[in-house]
Amino acid sequence: MKSIMTYRKGLDIVNKFKRARVLVIGDLIMDHFVWGKVRRISPEAPVPVVEVNSESLMLGGAANVVNNIHSLGGKVLVTGVIGRDEMGKNLVHELRLKGIATGGVFIEENQFSKRENNFVTSSVSSSNNWCNSSSLAVSRAPSPWSIFIYFASPNGIPSW
């Protein structure tokens with residue numbers, strides 16, 4: 001099988017992230033992981049009953065893309081909408097902890113921040129549902145992609 005990209009070319013692309021300036025526009029999501037074990041199947045419906053061991057939050061959606069670009073050394077600006085709620089506060093806090101500017105994050109009073117709940121167990125692979133509130137009510141999934149725009153000056157050194 002022929003490789004699409006050589007190791008050297010891939011490394012060169014990754015190293016260029018240090019000069020990249022990227023604007024990410026998209027769904028800012030918090031990934032909520034629930035870790036546990038399936039102890040039984042519910043008698044009311046054919047779904048596993050999970051004994052929760054721990055929970056964790058991570059940047060998801062476009063916020064995860066922003067984090068990845070930043071981790072590779074790129075300068076990144078993010079824009080998107082969150083609600084004035086706990087998940088929105090967590091998202092902005094996580095971005096700021098990593099040194100990522102949040103000036104392009106808009107807070108919408110009448111909207112809830114997006115959250116993806118992931119249930120990870122030892123006997124069942126991860127399943128998830130989308131939420132747009134602080135409850136576990138399932139809502140429509142956000143768009144599956146974000147828009148990435150790369151700005152570069154003619155001399156190869158990007159500038160805003």
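With within 20 Å of PHE17 (Cα to Cα), in contact with a strand residue (DSSP E or B) (Cβ under 9 Å, 6 or more places away or on another chain) and modelled with pLDDT of 90 or more as the only criterion, which of LYS89, LYS75 stands out?
It is LYS75.
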Looking for whichever is touching a helix residue (DSSP H, G or I) at 6+ places or on another chain (Cβ under 9 Å) and acidic (Asp, Glu) here; the options are GLU109, GLU86, GLU116, GLU94. Which one fits? GLU94
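Output the residues belonging to the range 42-59 that are of a type outside the set (A, V, I, L, M, F, W, C) and without any contact (Cβ under 8 Å) to a residue 12 or more places away in the chain. If you could, list the steps in order and put the result at the bottom.
If we filter the range 42-59 for residues that are of a type outside the set (A, V, I, L, M, F, W, C), which is where we start, we get 42-44, 46, 48, 51, 53-56.
Hits for the range 42-59 are SER42, PRO43, GLU44, PRO46.
When the residues of the range 86-97 are narrowed to those that are touching a Ser or Thr at 6+ places or on another chain (Cβ under 9 Å) and surrounded by fewer than 17 Cβ atoms within 10 Å (Cβ to Cβ), which ends up farthest from ASN67 (Cα to Cα)?
The initial filter retains those residues of the range 86-97 that are touching a Ser or Thr at 6+ places or on another chain (Cβ under 9 Å), namely 86-92, 95-96.
Subsequent filtering for residues that are surrounded by fewer than 17 Cβ atoms within 10 Å (Cβ to Cβ) retains 86, 89, 96.
Numbers: GLU86: 20, LYS89: 16, ARG96: 11 Å.
Ranking the candidates gives GLU86 first.
Listed here are the residues, each with its yes/no results for (1) closer than 25 Å to ILE13 by Cβ; (2) in a strand (DSSP E or B).
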site: VAL52; (1), (2): no, yes
site: LEU77; (1), (2): yes, yes
site: ARG96; (1), (2): no, no
site: ILE107; (1), (2): no, yes
site: GLN111; (1), (2): no, no
site: ARG115; (1), (2): no, yes
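Of the residues ARG19, ARG8, only one is surrounded by fewer than 18 Cβ atoms within 10 Å (Cβ to Cβ), more than 30 Å from ILE107 (Cβ to Cβ) and touching a residue at least 60 places away in the same chain (Cβ under 8 Å); which? First the steps, then the outcome.
Values: ARG8 fails: touching a residue at least 60 places away in the same chain (Cβ under 8 Å).
Going through ARG19, ARG8 in turn, just one is surrounded by fewer than 18 Cβ atoms within 10 Å (Cβ to Cβ), more than 30 Å from ILE107 (Cβ to Cβ) and touching a residue at least 60 places away in the same chain (Cβ under 8 Å): ARG19.
Taking the conditions exactly as written (outside any strand (DSSP E or B) and closer than 30 Å to GLN111 by Cα), does ALA63 satisfy them or not?
Working: outside any strand (DSSP E or B): yes; closer than 30 Å to GLN111 by Cα: yes.
Against the criterion (outside any strand (DSSP E or B) and closer than 30 Å to GLN111 by Cα), ALA63 qualifies.
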Are any of the residues in the range 44-58 more than 16 Å from the chain's Cα centre (by Cα), surrounded by fewer than 19 Cβ atoms within 10 Å (Cβ to Cβ) and small (Gly, Ala, Ser)? yes
All but one of (1) buried (at least 18 other Cβ atoms within 10 Å of the Cβ); (2) over 30 Å from SER122 (Cα atoms) hold for LEU28; which doesn't? (2)
Residue by residue through the range 33-43, note down the ones that are surrounded by fewer than 10 Cβ atoms within 10 Å (Cβ to Cβ) and either touching a Leu at 6+ places or on another chain (Cβ under 8 Å) or outside any strand (DSSP E or B) (or both). SER42, PRO43
In the range 66-75, the residues that are under 12 Å from ASN15 (Cα atoms) and hydrophobic (A, V, I, L, M, F, W, C): ILE69, LEU72
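The values are calculated or read from the model by the stated rules, or taken from the named source; none is laboratory data. Remember, predicted model here, so these are calculated numbers, not experimental data. Please note: Cβ atoms are built from the backbone with ideal geometry, for glycine as well, and neighbour counts cover all protein chains shown.
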